[in-house]
Amino acid sequence: MKCMGTIRKKLRTVALSAAAAIVLGMSTMAPAIGQVSGYGDKQSGPANEKARILDKVGIQQHLNQQLPLNLSFTDDAGKQVQLADYFGKKPAILALVYYQCPMLCSEELNGLVSALLMVDEVPGRDFNIVVVSIDPSEGTDLAAAKKRSYVKRYGKPQTADGWHFLTGTQPNIDALTKAVGFGYVKIPGPDGKLTQFAHASAIQLVTPEGKLAQYYMGVEYSPKDLRLGLVETSHGKIGSPVDNILTYCYHYDPGSNKHSLIVARVVQLGGLVTMVSLGGFMFLMFRRDHRLEQANDKQGTGTGTGKKVNG
């Protein structure tokens, strides 16, 4: 029993040491984590100018706003089109992205495809998908490649006529983003050049008449909500404002070649899981010790009583 007590003491010492190490490690990470904002918050820190950048980045919900359907763009086949070509009879899902986005735009479109796979409505038949690049330097080749990629991901090539990937000039992009309430700014890429954009993520449902009916924030969308939104939007119904919880694509760290927001989230989650696991282990171990001590006390009392009787 003395050996068991020694082992338990060693285990307790190891567990407490590990807990202290984790707490110390998380405290040393605090400056780095402190520079990472929650969704919708601004980041602070001397290493970047995010606070000032985000002043112009965000999404203002312009529900019932009429889109300027006379704007001209170039489609994924190199043809000159107007926004009006995609409206009149069916609603549309509008996404403002840029095709060379290193992170968030792909997640946004991936989330859209995942949701669409779980609804009955079909692109081209029941609604159109209109994706517009906010980068005037991007051309038809990029738009066509993105269309092929997402139609393939959707797995229904017969719906290709319902997917439209557009590029345009800066004045037309500005007019569309202003109508939608989509604020963004250029930021340096890993090469130091202004080749990337700080922006938030959302898709918009637009009525057949071209009015903004609903905003869906983030990069994951509820299939149930999306289906209901498409049905209501097809009848011209305008939805209600939603919580403006934004997912930003804004900070690229050339030194680490990482997006700090995602890295810090993973580190924080890993630390939390470790602390919970360690806490559970320590609770079970101390509880077991307590039970063993109680059993030993009872056994010792019983033995002493027996000796008195025999004497």
Filter result (in contact with a strand residue (DSSP E or B) (Cβ under 8 Å, 6 or more places away or on another chain), open to solvent by 30 Å² or more (accessible area, probe 1.4 Å) and at pLDDT below 95) within the stretch 229-250: 241, 242, 243, 244, 245
Test: residue 122 is open to solvent by 10 Å² or more (accessible area, probe 1.4 Å), touching a residue at least 40 places away in the same chain (Cβ under 8 Å) and closer than 22 Å to residue 225 by Cα: yes
Single residue of the stretch 162-190 satisfying the filter (in contact with a Lys or Arg (Cβ under 9 Å, 6 or more places away or on another chain) and open to solvent by 10 Å² or more (accessible area, probe 1.4 Å)) that is nearest to residue 120 (Cα to Cα): 164
Residue satisfying all of: in the stretch 125-136; in contact with a Phe, Trp or Tyr (Cβ under 9 Å, 6 or more places away or on another chain) and either acidic (Asp, Glu) or open to solvent by 10 Å² or more (accessible area, probe 1.4 Å) (or both); farthest from residue 185 (Cα to Cα) among these: 128
Those residues of the stretch 202-228 which are crowded, with 22+ Cβ neighbours inside 10 Å and small (Gly, Ala, Ser), in sequence order: 202, 213
Filter result (among the hydroxyl-bearing types (Ser, Thr, Tyr) and in contact with a helix residue (DSSP H, G or I) (Cβ under 8 Å, 6 or more places away or on another chain)) within the stretch 189-234: 201, 207, 216, 221, 222
Matching residues in the stretch 70-97 - criterion: being open to solvent by less than 30 Å² (accessible area, probe 1.4 Å) and either of a type in the set (Asp, Glu) or modelled with pLDDT under 95 (or both): 75, 76
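The values are calculated or read from the model by the stated rules, or taken from the named source; none is laboratory data. Please read these numbers as outputs of a predicted model, since none were measured by experiment. Please note: Cβ atoms are built from the backbone with ideal geometry, for glycine as well, and neighbour counts cover all protein chains shown. With ligands, DNA and RNA removed, areas are computed over all heavy atoms of the protein, side chains included. Shrake-Rupley method; radii C 1.70, N 1.55, O 1.52, S 1.80 Å.
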